[in-house]
Amino acid sequence: MSESTNFFEQAPDSPEIAARFPDLHPPFNKTAALTEANRCLYCFDAPCTIACPTHIDVPRFIKKIASGNLQGSAKTILDANILGASCSRACPVDVLCEGACVMHRYNTQPIAIARLQRFAMDALHESGAPLPFLPGEDTGKSVALIGAGPASLACAAELRRRGIRAEIFDARPLPGGLNTYGIAEYKLPLAESLREIDMLAQLGVKFNFNVSVDATKLAALETTHDAVFLGVGLGAIYQLGITGEALEGVTNALDYIAAYKSGEITSAPGRVAIIGAGNTAIDAANASARLGASEVYMIYRRGPEQMSAFAFEYEHAKQEGVKFLWHVRPIGIQGTEKVKALDLARLEVTPDGSLVPITGELFQLQVDLVILAIGQATHTEFLDSGKVKLERGRIVIDRMTGQTSNPKYFAGGDCTNGGREVVDAVADGKRAGIGIAAWLEGQNANA
Ligand code: SF4
C-alpha cells in the first residue's frame, strides 16, 4: 500500500520520446497569458462554463489571471475540476468550452481557455504550493474505489474534502488510468499526469497498486468499506477475428501508446497500418509517424463523414502525413512469424447503408506493424451475478448521484458511458463523490 506520493519521480526519463513528442500547443508565457486573459468578455451566464462538463467558472479563473492572482485562478479551476491540469491539455476544447465561446459570434478567435487554464495550473505546480484544499474532519467512513483513473481520482478528492477515507485499488503500477497511459504524449505527458496526482494525493488518498479486483476481492472490500465506487474504465480492444492476428507485429492502440509513453518503445518500423478511425486510432497513427515510420495508413470500413474521430484530430493526422484508406476492410494478416502484409477488400455502401465487398476488389498492403483500434469491450465481467444492474455491459447509474442499482455501489466514467472524454469521467467522479457523501450521511441519520 502507498499513501502516495512522488509518483512524478517514478515517471520514466526518455529524452528521445520527449524530443519526438513536444507540446502540441506550447504553453503561454506571462505576457501572452495576460494579453489573452484581457481579451475575455467575462460573460454573465458564460456559455464556456455551461459547455464544460465540470462547469469550471471560466470567466472567474481568467479574470484572476488578468489580475495576477494565479494561485486564486488555480483554486477556482481545482474547485470544479481536481484534474484541471490534465484537462487543460487533453480536453477537446473545440467542441467544449472554446467551441461555445461568444467570440465565434463576432467572427474572431475564441479565447484560448485551455492554454490559460494550463498557465494557471502550471504556475501552481511550479510554485511548489500545496493543494489549496484540506481534507475534511474525519467522519470514520471509508470508500473503496476500484480503478485509479480520472473518475476514481475525482471521486476520491470529493470524498476526502468531506472527511471520508478513500482507498483506491488499481491493477497497474501507477495511477491515472488513461491520463497516464493512454493519451498522446504531445497532449498530456505521462509525467504531468503523475505530477497532478501527487498534488491530489495530499488530501490523504490511499493507493494500492498491482491489485486486480475480482469478484472475491470485491466482496471483501464491500465488507471493509462503507461504500464502493467503480471506476474501472473499459477492457481490451476488440479483435478483428481474421487470420494472422497472433503474429508478432500485431498490437492494439492502447498497448502501443502505453509502450511508447513509458519509453518501452522509441521507434516504429517502416510501414504501419492502423485499423479504425476514432480518436485513439489517430493518436496511434500520429505516434507512429513521430516514432519514425516511413508510411502510416489508417484503414476504415466507412468514409471520412462517419469516422468517430473529431474533425480537428483528422486534420492533425493529415498534417502528420498519415494516409487514409476509406471503405476498406482487412480480411487477413500475412506473415510467418512476423507480420508482412495486410489483405484488404474494398467495400461499397448499398442503398440501405450496409457495407458489401466489391467483387474482385482485393489488394495487399506491405506492412511491418498492424495496430488495432476498433473500440474496447466492457470490463464488468467481475460484476456479474447481479451485483449491480448492467446494460450492454455498462454499469447503469443515476446520472445525478452515480448510484447503481445496488445502493452501496456507485460508478462513473467509461464503464458507465462506453467511453467519453477525461473531463466527462472527472464530472462523473465528482458527482459520485458528492452522491456517496450524501448517501452515507443519510445512512447515519437512519442508524
Ligand atoms: Fe470569456 Fe469566451 Fe467564456 Fe465569454 S464565452 S467568458 S469571452 S471565454
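The values are calculated or read from the model by the stated rules, or taken from the named source; none is laboratory data. These figures come from a predicted structure and were not determined experimentally. Positions of Cβ are backbone-derived with ideal geometry, glycine not excepted, and every protein chain shown enters the neighbour counts. Surface accessibility is based on the protein's heavy atoms, side chains included, excluding ligands, DNA and RNA. Shrake-Rupley method; radii C 1.70, N 1.55, O 1.52, S 1.80 Å.
Given the alpha-carbon gyration tensor of the range 28-163, what are the semi-axes of its equivalent ellipsoid in whole angstrom, ordered largest first, with each equal to the square root of 5 times an eigenvalue?
29, 17, 12
Ranked by accessible surface with a 1.4 Å probe, highest first, in what order do R392, R115 come?
Heavy-atom accessible area, descending, gives R392, R115.
Each label point is 7 Å from the Cα along the Cα-to-Cβ direction; what then is the distance between the points at E441 and E348, in nm?
6.4 nm
Can you tell me the orientation of helix 150-161 relative to the chain, as the angle in degrees between its alpha-carbon axis and the longest Cα principal axis, to the nearest 10?
That helix lies at roughly 0 degrees to the long axis.
Report the label-to-label distance for T401 and D138 in nanometres (one decimal), using points 7 Å from each Cα along the Cα→Cβ vector.
Here the modelled spin labels are 2.8 nm apart.
To make sure I understand the rule: partners must be lysines, Cα under 24 Å from the Cα of K206, and not fewer than 8 residues away in the same chain. Which ones qualify?
K206 reaches K75, K141, K217, K408, K430.
Whole number in Å², please: accessible area per residue of the chain, 1.4 Å probe, ligands, DNA and RNA not counted.
Accessible area per residue, the chain: 43 Å².
Please return the longest stretch of the chain lacking exposed loop sites, where chymotrypsin sites (Phe, Trp or Tyr not before Pro) count only if DSSP places them in a loop and at most 16 other Cβ atoms lie within 10 Å.
311-447
At 0.36 nm per residue, minus the direct Cα-Cα distance, what do A219 and I331 gain on full extension? Give it in nm, one decimal, please.
36.0 nm
Sorted from largest down, give the three principal axis spans of the alpha carbons of the range 264-405, whole angstrom values.
Reported extents, whole Å, longest axis first: 50, 45, 36.
Can you list, largest first and rounded to whole Å, the semi-axes you get for the chain by taking the square root of 5 times each eigenvalue of its Cα gyration tensor?
Square roots of five times the eigenvalues give 37, 28, 21 Å.
Going by a ≥ b ≥ c, the root eigenvalues of the Cα gyration tensor, does the range 389-447 fall in the rounded group (a/c under 1.5), the prolate group (a/b larger than b/c) or the oblate group?
Here the range 389-447 falls in the oblate category.
In straight Cα distance, which lysines are under 22 Å from K187, not counting same-chain residues fewer than 8 positions off?
K30, K261, K318, K323
The range 132-252: Rg/Rh from Cα coordinates, Kirkwood Rh?
Rounded to two decimals, Rg over Rh is 1.07.
Just to confirm the filter: which GluC sites (Glu not before Pro) across the range 234-326 are DSSP coil and have at most 10 other Cβ within 10 angstrom of their Cβ?
none
Ignoring everything except DSSP H segments at least 4 long, calculate the 222 nm mean residue ellipticity for the chain; use -39,500 (n - 2.57) per segment, divide by total residues, nearest 500.
Counting only the DSSP helices, I get -10500 deg cm²/dmol.
Viscosity 1.567 mPa s, temperature 4 °C: Stokes-Einstein D of the range 324-413 from its Kirkwood Cα radius, in µm² per second?
D = 75 µm²/s.
Calculate what fraction, in whole %, of the accessible area of the chain sits on carbon and sulfur atoms when a 1.4 Å probe is rolled over the protein chains.
For the chain, the apolar C and S fraction of the accessible surface comes to 50 percent.
Could you give me the ³J(HN,Hα) list for the range 323-334, computed from phi with Karplus coefficients 6.51, -1.76, 1.60 and θ = phi - 60°, whole Hz, x at Gly and Pro?
Along the range 323-334, the couplings run 9, 10, 10, 8, 6, 9, 10, x, 10, x, 10, 9 Hz.
Please report how far the C-alpha centroid of the range 45-122 lies from that of the range 171-238, rounded to the nearest whole angstrom.
Using only Cα atoms, the two centres lie 26 Å from each other.
May I ask you to rank D198, D352, D226 by accessible area, largest first, using a 1.4 Å probe over the protein chains only?
Largest accessible area first, the residues go D352, D226, D198.
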